[in-house]
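Note sheet for the following structure.
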Amino acid sequence: MFYDLCVPWPKAVTASSAVEYTRSTGPIPDLFRTVATLQALGYTTIAYDYELSGKIGSNITSPIQDDVFSASLPNVTFLSRITILLEDAAQSQALPSLTTKFDILAVRPTTEKLLLAACTSLDIDLISLDLSQRLPFYLRHRTLGAAVARGIRIEICYSPTTRQADNNARRNLISNAAALFRATRGKGIVISSGATSALECRGPYDVANLATLWGFTQEKGKAAVAGDARAVVVHARMRRRSYKQVVEIAVDEDHLRTADNKRADEKELQKRTKQEDVSKKNESLPRQGSKKRKATDS
């Protein structure tokens, strides 16, 4: 199973208008061609990404209609994701209110201080770095290693390398991705497309080959679109269904009642069997005694 956890959701499309999409020219048909191409390339889980910047209010609703293409692409699992451009520490206070509205929470820190906070304290699933630009901070092993130890993955989007317009973005991505690989020792990295068109999509094995330019091995490149990406989905599910590592266990009362009745029936059966054995033993004792007396009388 292969995962692409970053397909940008068109900003002009809301959840209500997405249902009435047409396959003529427009943002939704472009999105359909993109996800259909990813499905044809072998991806089975795709996450729509909604980017948000600035002040975050408490009444934010998800514009993503993640099942809009489910009928056309039944073999693909679609998820919703939000990526917050972290420019101020106050933005992190709105993260708990987004837990129930999006499947995956991701942040894109803009300063080293915010990167440290995202790696050590924020309750998120993914750290997405714009590696096509010159980073305003150094990628340090101690900082990123803390995120990996907490189960948070760091994301690389490869679409700048497939766009022919900007050579500077391609060079920055190659050098920054190589620095990220060295800082994380190749652990906890997820590779996504970030594709806005079908022409920017690449297959999982092409992505693994592309990752070798950044210092990855073929195995680690494949894990970045498979095992490590799956770990993000699992981490997000556990974050939504648990609180500070405490998991709620749903108890099936009918099952427990049936099990209790079964144990009670077994105990009652054992009790009756024991009583029958004792009664049989008591009945056999006088008979043996009478036989002995008859033998002595004779």
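The values are calculated or read from the model by the stated rules, or taken from the named source; none is laboratory data. Everything numeric in this text was worked out from a predicted model, so none of it was measured. Here the Cβ positions follow ideal geometry from the backbone for every residue, glycine too, while neighbour counts run over all protein chains shown. The area values use the complete protein model at the heavy-atom level, side chains included, leaving out ligands, DNA and RNA. Shrake-Rupley method; radii C 1.70, N 1.55, O 1.52, S 1.80 Å.
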Legend entry - 13 Å beta-carbon shell around SER197, net charge (K/R +1, D/E -1): +1
Inset, instruction - Work out, step by step, the length gained on full extension between LEU95 and LEU52: first 0.36 nm times the residue separation, then minus their alpha carbon distance; give nm to one decimal. - result: 14.3 nm
Inset, instruction - Compute the distance in nm between two label points, each set 7 Å from the Cα along the Cα-to-Cβ direction, one at ASP88 and one at ARG272. - result: 7.5 nm
Legend entry - Accessible area (Å², 1.4 Å probe, nearest 10) - GLU219: 130 Å²
Inset, instruction - Would you tell me the accessible area of ILE82, worked out with a 1.4 angstrom probe on the heavy atoms of the protein chains, in Å² to the nearest 10? - result: 0 Å²
Inset, instruction - Count charges around GLY221 for me, please; just the other residues with Cβ under 12 Å from its Cβ, Lys/Arg as +1, Asp/Glu as -1. - result: 0
Inset, instruction - Quote the relative contact order of the stretch 55-192 in percent (integer), defining contacts as alpha-carbon pairs under 8 Å separated by 6+ residues. - result: 19 percent
Inset, instruction - Quick one: grab the alpha carbon gyration tensor of the stretch 1-141, order the square roots of its eigenvalues as a ≥ b ≥ c, and give me rounded if a/c is under 1.5, else prolate or oblate depending on whether a/b is larger than b/c. - result: prolate
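Report the calculated FRET efficiency for SER197 and SER121 (r = Cβ-Cβ distance, R0 = 51 Å), to the nearest 0.05.
0.90
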Legend entry - Alpha-carbon centroid distance for the pair the stretch 134-187 / the stretch 35-49, whole angstrom: 22 Å
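First check a/c for the stretch 143-206, with a ≥ b ≥ c the square roots of the eigenvalues of its C-alpha gyration tensor; if it is under 1.5, answer rounded, and if not, answer prolate when a/b is larger than b/c or oblate otherwise.
Details: a/c = 2.77, a/b = 1.72, b/c = 1.61.
It comes out prolate by the Cα gyration axes.
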Legend entry - Phi-based couplings in Hz for the stretch 190-199 (Karplus 6.51, -1.76, 1.60; Gly and Pro marked x): 10, 10, 10, 7, x, 7, 9, 8, 5, 5
Inset, instruction - Find how many whole Å separate the alpha carbon centroid of the stretch 198-230 from the alpha carbon centroid of the stretch 99-120. - result: 23 Å
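Taking R0 as 51 Å, what FRET efficiency do you get between ARG171 and ARG263 from their Cβ-Cβ distance, rounded to the nearest 0.05?
The value I calculate is 0.15.
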Inset, instruction - Would you mind calculating the gained length between THR44 and ARG134 on full extension (0.36 nm times residue separation, minus the Cα-Cα distance), in nm to one decimal? - result: 29.2 nm
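If you take every residue apart from TYR158 with its C-beta less than 11 Å away from the C-beta of TYR158, what net charge results, scoring Lys and Arg +1 and Asp and Glu -1?
That sum, taken over residues with Cβ under 11 Å, equals -1.
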Legend entry - Anisotropy class of the stretch 64-136 from Cα gyration tensor, a/c 1.5 cut: prolate
Inset, instruction - Would you mind calculating the relative contact order of the stretch 180-238 from Cα pairs under 8 angstrom and at least 6 residues apart, reporting the percent as a whole number? - result: 34 percent
Inset, instruction - Starting from the Cα of ALA179, step 7 Å along the direction of its Cβ; do the same at ILE60; then give the gap between the two resulting points in nm. - result: 2.7 nm
